[in-house]
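Data block below; observations after.
The values are calculated or read from the model by the stated rules, or taken from the named source; none is laboratory data. These numbers were taken from a predicted model, which means no experiment stands behind them. All Cβ positions, glycine included, derive from the backbone under ideal geometry; neighbour counts span all protein chains shown. Accessible surface is based on the protein model in full, side chains and every heavy atom, while ligands, DNA and RNA are left aside. Shrake-Rupley method; radii C 1.70, N 1.55, O 1.52, S 1.80 Å.
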Amino acid sequence: MKLFLSRLVLGLWVGLLASCSTPASDTPPSTVRIRWDRDPENLDPLVVSNKSAYEVSTLTYCSLLSGSEADADFVPWLAEDFPTVERTADSLLLVSYRLRPEARWDNGTPILARDVAFTLKVMNCPGLPIEMDQAMFGFIQDIRLDSTDARRFTLVCSGPSPDHIRESGDFSIFPEYVLDPRGELRTVQLADLRRMPAPAAATAFAGRYQALELAKHPERLPGCGPYKVTTWQNGRYLTMARKPHWWADTLPAPPPALQAFPDQLIYQIIPDAATATLALRRGEIDLYALMPAAEFTRLQQSAADREKLRFYTTNSYEFLAASFDVRQPVLRDARTRRALSALFNIPALIAGTQQGNATPSVGLISPRLKAYYNDSLSIPAFSPAAAADLLRQAGWQRQPDGTWQRPAAAGGPPQKLQLGLSYRAGEAAFETAALQFQAAARALGIGVDLRPTEQSVLSGQLHKGETDLSIRTFTGNPFSFDFTPLLHTRGIGAGNTTGFSEPASDQLIEQIAAANEPARKALLLRRFQRLLYQERPFTVLYFLRYRVAAAQRLGTVPVTGLKPGYEAAHIRPLAPKS
Amino acid sequence: MVRAVLRRTLRLLLAAWLTLSALFLVSRASTDPTAFLQATFSNNTRLGGQTEQAALTQRLLGRYRLDRPLFYASWGTATGWRWHGFHNQYHQWATGLLRGELGRSYRQDETVTELLTRALRYTLPLTLLAAVGSGALAFWLALGFSYRPRLRRLGLALLHGVQSLPLFLVAVGLLLLLANPDTLAWFPAFGLGLDSDAGAWWQYPGRTLYYLALPTVSLVIVSLPVLVVQLDGAIQRELAQPYVATARAKGASRRRTVRHHVLRNALLPVLALLPELLPGLVAGSVVVEFLFALPGMGRLLAEAAATQDYPVLLGAVGLVALVRLAAQALTDVLYQFIDPRIRLL
């Protein structure tokens, strides 16, 4: 019996060991495996809340226009051409589009203007999660369908901003045949959806839409993009398959926005950077974007990894800045802000935190946008002596104990130059910049209290004006130059956390937002950079460079300065060597 | 006996209700209800003016029913006590809880119950494997130490050394040692593989074991020293008792004495570890799940905390608290089972 039992245990053990082997990873050559650091969480196209979900959305759905980094502008995607625009006497914009005649849904029916009208109604349907869409596209007041051409329509937009023209084409188009096969919303007008009570047809539609549970079943709403979601294991991976008969394949010479090469995309969710690096080196993933500087440099220096991997860096539109709250008494004077800016040693910071892989800038326009970047200004230099001079000019006096004081304006107690420096806790680059600044400020007799803070608490403090100086990142893009949320008086209490408010600056921001001519826009933007350089509501430390490491078999990976840092649909894996 | 069990169950339910209510009220009262919206706003450059953002905030708070008062009554220095009736967040949450609903996640638009169930599917195999592994190993080592006193000193010194290592270091060390192309690439670096590569059904247990090997071993290594030291201490105390000398005098071998006489008595102090161990089984391990890319309870809790997803946070913390209460009750029962002289009920 004992012998039988021991043999049984041995047999089970051997069987277990045999099944422990990983299946042969025969990744098809046209499959690309990409690392994500977080799950998309919610794939309802009305709720795109993080960059993973945004990537799925852009591969699944098409909008009328698409942002093109190469063109530094929006380009036609589902639209046949850039829209024509007419301005009416009552400050309305009439933006007219025509859809591509080749555009088809997965069931072969053409994509028509009534699909766009349907999408706008979904985006305004009470009972659905439409709050963000209403905030972003609420300026589209109505849609007028062309009675003679089923593909032509006009969007009636409020406000004269040229950005509204581009933004009017930047929402995903949904298939009416899937969500509303009987066309029950066709009789409902867009304006009716914005009134209470909601029309009965809209309430019934909202119920049907919610029942689809698109947040976790994206496959139930096929879009007109090149890919469809095939598997989604929350928190583990998501796979997408290219449609074998995508409508854009019939175009004789499809533009880049309508090209898609890999047959399958597998997104592996690996939150930890070190694990993701190991997975890349082991060949368990093919592409790792937005790689930390230290890991990237280490791989670049390894001969074995250089054989297996290719490395890319590209300038992004995301910058790290030291942001002043100009409402604080000690920071009201621009000279004080300039003096404190001179205490950041930017080259040392770039070397220390980014392994030298970042680009300093004079202001909030990326140096890669050469037409708009003000290259006549000089990069702020690290100079405690210049900082001391500027402080004296601002009325600060050095005390015998080395600190700085300034008499108060209304005869109150003198002001002491002491600051709190807030930043998101756990961010190594922010912490290094804070420590560097603290050391330089202390040497000059300025007390700096470091305040690493949890992200949402910090956001709340910034909005309430409870910080002095903060280190944070700002993200821009090459398409839109409307700085109203960031620096206009109207943005105070919302996106303008510096509290910066100057009539001249407000005027320039409005002129830039209204400028349509590139030459005029360039002139205004250069002037705006000079103004900010003088006023210094924040000082730009550096623009980040996005780092991408990819397997050799992917060939040349198209990288971009916009997140996620690559264009998955445009990767063309190399044919395997026979 | 029945009355005693009923009384104990009622006390357990009351304690659970009070714990969950306190968690709900403290977490909501001490935080800004708009905090979880801030990240959305800071990532969106299209939301221009203050009025626009304020209106959006109000609409989103309405969607999540956070625009209601927190409790039935509130106190304000200017207004004094104010009665809000049943139209409040606590009432809505409590009535939902009575129906077995824990609410919906702000981020994922799924019920908290679904999210917890899914996370437990990944956490329980990992933590149970680790618990069984470390428990079995602890028994084996503690018994071995009692048979071979010379090994005991060396083994305990080694275990005290291991105890000083943080879990993160152990897990990274294993990853770099056993899943690294530069050293030994024996195990996968992350996750549980693709379901499409799963193979035949009979391969599933082996495949899961293969993927969970490094996370499990990490947990076993860090939990083993406490168990061994505790059990070994208890065995050593029992070995000094007169009944051991009697058993040996009657001719029982040291091994037989330990197994048949000492072990049962030595288990009593180890039972005190149960209320610590069982909540850990459902709470998962943030470090291990984060490092090995496993979407279990630890990661769910950490992500919910980082994004202020309070329904998920409350559901997960509440579950852990409930298991802790249940573990305490179970420990009491086990005490009586092992030593019938103990009367707790």
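Scanning the range A:118-137 for residues being closer than 27 Å to A:Leu258 by Cβ and free of Cβ contacts under 8 Å to residues at least 60 places away in the same chain gives a total of 3. Listed by first and then second residue, the pairs with beta-carbon distance under 6 Å, at least 6 apart or on different chains, first residue in the range B:99-117 and of a type in the set (Asp, Glu), second surrounded by 20 or more Cβ atoms within 10 Å (Cβ to Cβ), are B:Asp109/A:Asn42; B:Asp109/A:Ala215.
Looking at this structure, is A:Gly561 surrounded by 18 or more Cβ atoms within 10 Å (Cβ to Cβ) and at pLDDT 90 or above? Even if it seems obvious, please write down each step before you answer.
Working: surrounded by 18 or more Cβ atoms within 10 Å (Cβ to Cβ): yes; at pLDDT 90 or above: yes.
Judged against the criteria, A:Gly561 is a match.
Can you work out which of the residues in the range B:24-39 that are buried (at least 17 other Cβ atoms within 10 Å of the Cβ) and polar (S, T, N, Q) is modelled with the highest pLDDT? Filtering the range B:24-39 for residues that are buried (at least 17 other Cβ atoms within 10 Å of the Cβ) and polar (S, T, N, Q), the one modelled with the highest pLDDT comes out as B:Thr34.
Would you be able to say whether some residue in the range A:303-313 is away from every other protein chain (no Cβ under 11 Å), free of Cβ contacts under 8 Å to residues at least 12 places away in the same chain, open to solvent by 30 Å² or more (accessible area, probe 1.4 Å) and in contact with a strand residue (DSSP E or B) (Cβ under 7 Å, 6 or more places away or on another chain)? Steps first, please.
Within the range A:303-313, the subset away from every other protein chain (no Cβ under 11 Å) is A:303, A:306-307, A:309-313.
If we keep only those that are free of Cβ contacts under 8 Å to residues at least 12 places away in the same chain too, we end up with A:303, A:306.
If we keep only those that are open to solvent by 30 Å² or more (accessible area, probe 1.4 Å) as well, we get A:303, A:306.
From what's left, in contact with a strand residue (DSSP E or B) (Cβ under 7 Å, 6 or more places away or on another chain): none.
Within the range A:303-313 (the criterion being away from every other protein chain (no Cβ under 11 Å), free of Cβ contacts under 8 Å to residues at least 12 places away in the same chain, open to solvent by 30 Å² or more (accessible area, probe 1.4 Å) and in contact with a strand residue (DSSP E or B) (Cβ under 7 Å, 6 or more places away or on another chain)), the answer is no, since none of the residues qualifies.
Of note, A:Ala387 does not satisfy the criterion of being more than 19 Å from A:Arg335 (Cβ to Cβ), at pLDDT 95 or above, more than 24 Å from the chain's Cα centre (by Cα) and of a type outside the set (Phe, Trp, Tyr). If you go through the range B:301-313 and keep only what is open to solvent by less than 20 Å² (accessible area, probe 1.4 Å) and assigned to a helix (DSSP H, G or I), you end up with B:Ala304, B:Pro311, B:Val312.
Among the residues of this structure, B:Val288 counts as one that is under 18 Å from A:Ile269 (Cα atoms), more than 10 Å from chain A (Cβ to nearest Cβ) and open to solvent by less than 30 Å² (accessible area, probe 1.4 Å). The residues of the range A:240-256 that are surrounded by fewer than 21 Cβ atoms within 10 Å (Cβ to Cβ) and in contact with a Ser or Thr (Cβ under 7 Å, 6 or more places away or on another chain) amount to a single one, A:Ala241. Give the residue, chosen from B:Ser196, B:Ser223, that is part of a helix (DSSP H, G or I) and buried (at least 16 other Cβ atoms within 10 Å of the Cβ). Answer to the selection: B:Ser223. Anything in the range B:158-189 that is part of a loop (DSSP other than H, G, I, E, B), open to solvent by 20 Å² or more (accessible area, probe 1.4 Å), within 10 Å of chain A (Cβ to nearest Cβ) and closer than 23 Å to B:Gly298 by Cα? List them, or say none. Answer for the range B:158-189, where residues must be part of a loop (DSSP other than H, G, I, E, B), open to solvent by 20 Å² or more (accessible area, probe 1.4 Å), within 10 Å of chain A (Cβ to nearest Cβ) and closer than 23 Å to B:Gly298 by Cα: just B:Phe187. State all residues of the range B:95-145 that are within 14 Å of chain A (Cβ to nearest Cβ), more than 18 Å from the chain's Cα centre (by Cα) and among the small types (Gly, Ala, Ser); if no residue qualifies, say none. Scanning the range B:95-145 gives a single hit, B:Ser105.
In the range A:54-74, of all residues being at pLDDT 95 or above and of a type in the set (A, V, I, L, M, F, W, C), the one that is surrounded by the most Cβ atoms within 10 Å (Cβ to Cβ) corresponds to A:Leu64. Restricting attention to the range A:494-513, the residues that are over 17 Å from A:Thr539 (Cα atoms) and outside any loop (DSSP other than H, G, I, E, B) total 10. Screening the candidates B:Arg207, B:Arg248 for the property of being assigned to a helix (DSSP H, G or I), open to solvent by less than 40 Å² (accessible area, probe 1.4 Å), among the charged types (D, E, K, R) and farther than 21 Å from B:Leu141 by Cβ yields one hit, B:Arg207.
Beta carbons closer than 9 Å, at least 6 apart along the sequence or on distinct chains, pair a first residue in the range A:470-487 that is touching a residue at least 12 places away in the same chain (Cβ under 8 Å) and more than 9 Å from chain B (Cβ to nearest Cβ) with a second that is among the charged types (D, E, K, R) and surrounded by 21 or more Cβ atoms within 10 Å (Cβ to Cβ) for A:Ser470/A:Asp325. Summed over the range A:142-188, the residues that are open to solvent by 40 Å² or more (accessible area, probe 1.4 Å) and of a type in the set (Gly, Ala, Ser) give a count of 2. The number of residues in the range A:268-301 that are part of a helix (DSSP H, G or I), more than 7 Å from chain B (Cβ to nearest Cβ), open to solvent by less than 20 Å² (accessible area, probe 1.4 Å) and not aliphatic (A, V, I, L, M) comes to 2.
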